[in-house]
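Bear in mind these aren't lab numbers, they're just calculated from the coordinates by the rules spelled out. Nothing here was measured: the structure is a model prediction, and the numbers come from that model. Virtual Cβ from ideal backbone geometry, glycine too; neighbours counted across all protein chains shown.
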Amino acid sequence: MQTYDLANGSLRELNATLHAQNKTTNQTSWKIINPRGAHAIACGLDSPIEVAIHGSTGYYSAGMNQHATVNIKGSAGPGVAENMMSGKVVIDGDASQYAGATGHGGLLVIKGNASSRCGISMKGINIVVHGNIGHMSAFMAQSGNMVVCGDAGDALGDSCYEASLFVRGSVKSLGADCEEKEMRPEHLEILRELLVQGECDAKPAEFKRYGSARTLYNFNIDNAY
């Protein structure tokens, strides 16, 4: 395992070094120490490497991730794993607002709580949150799955499309065009697999599923103001 100390090196140099993997070196395991809340750590990775960040991070850590596995051993600032394409991002602490926004694929695991707008405009990403999520989460979620082992805040799934939202706890309110859906065997299987991948011991039977009521798919004059 290679160790990079951000107290003695620059963030630009770190990211350039990580981007060079599978191109100029074969160093596939990295440990980053003293992140000190820096922004955009391990952003834009596109190789199947493993990166462990020992401490909390700032904005947009692990954004645009492809193939890599990134473990933040602390909490993450706004926009963690934003526009993620594939791979896996694990946050041992809490995540600030819009975690996993616009994610196209891969798995984001948040072992603490997530703030507002978690998973907005998700486009295929899978998100597992061990704790609670804030208001307006999964706003305009298009596809993928969100698993919440705690409670959800106001306006869950507002204007969502075909994403599936699984919540074990209470939901403060549902957003426009979001409703509780039937939990069929295929949904239980998806949920069971995501709980295993997310290292969560909750039982699938404890969850409810939410999704689009599909009333916003076509224009209705009664909705015009």
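Some notes on this structure:
- Least to most buried among Phe166, Phe207 (fewest other Cβ within 10 Å first): Phe207, Phe166
- 3J(HN,Hα) along the stretch 201-218: 9, 5, 9, x, 5, 7, 9, 10, 10, 10, x, 6, 7, 6, 8, 9, 5, 10 Hz, from the Karplus curve 6.51 cos²θ - 1.76 cosθ + 1.60 with θ = phi - 60°, whole Hz, x for Gly and Pro.
- Within the stretch 2-213, percent of DSSP bridges classed antiparallel, to nearest 5: 15
- Projecting the Cα positions of Val70, Gln197, Asn15 onto the charge dipole of the chain (unit charges on Cβ atoms of Lys, Arg, Asp and Glu, taken about the Cα centre) puts Asn15 furthest along the positive direction.
- Here, the stretch 1-85 has an Rg and a Dmax of 11.3, 32 Å when only alpha carbons are counted.
- When the stretch 125-225 is reduced to its Cα atoms, the Kirkwood hydrodynamic radius in Å: 13.6
- From least to most packed, judged by other beta carbons within 10 angstrom and beginning with the fewest, Thr3, Thr28 follow the order Thr3, Thr28.
- Quotient of the Cα radius of gyration of the stretch 76-175 and 2.2 N^0.38 Å, N being its number of residues: 0.88.
- Largest first, the extents of the alpha carbon coordinates of the stretch 2-213 on the three principal axes equal 51, 27, 27 Å.
- Cα point-scatterer Debye curve for the stretch 135-182, base-10 log of I(q)/I(0) at q = 0.14, 0.22, 0.25, 0.30 Å⁻¹: -0.25, -0.66, -0.87, -1.25
- Exposure proxy order (Cβ contacts within 10 Å, fewest to most) of Tyr4, Tyr217: Tyr217, Tyr4
- FRET efficiency for Asn220 and His39, using Cβ-Cβ distance with R0 set to 30 Å, rounded to 0.05: 0.10
- Cross-link check: pairs Lys111/Lys172; Lys73/Lys172; Lys88/Lys181; Lys123/Lys181; Lys31/Lys203 evaluated at a Cα-Cα cut-off of 26 Å; pairs beyond the cut-off: Lys73/Lys172; Lys88/Lys181; Lys31/Lys203.
- Between the Cα long axis of helix 185-197 and the first principal axis of the chain there is an angle of about 20°, rounded to the nearest 10.
- Debye, to nearest 20: dipole size of the chain, +1 on Lys, Arg Cβ, -1 on Asp, Glu Cβ: 380
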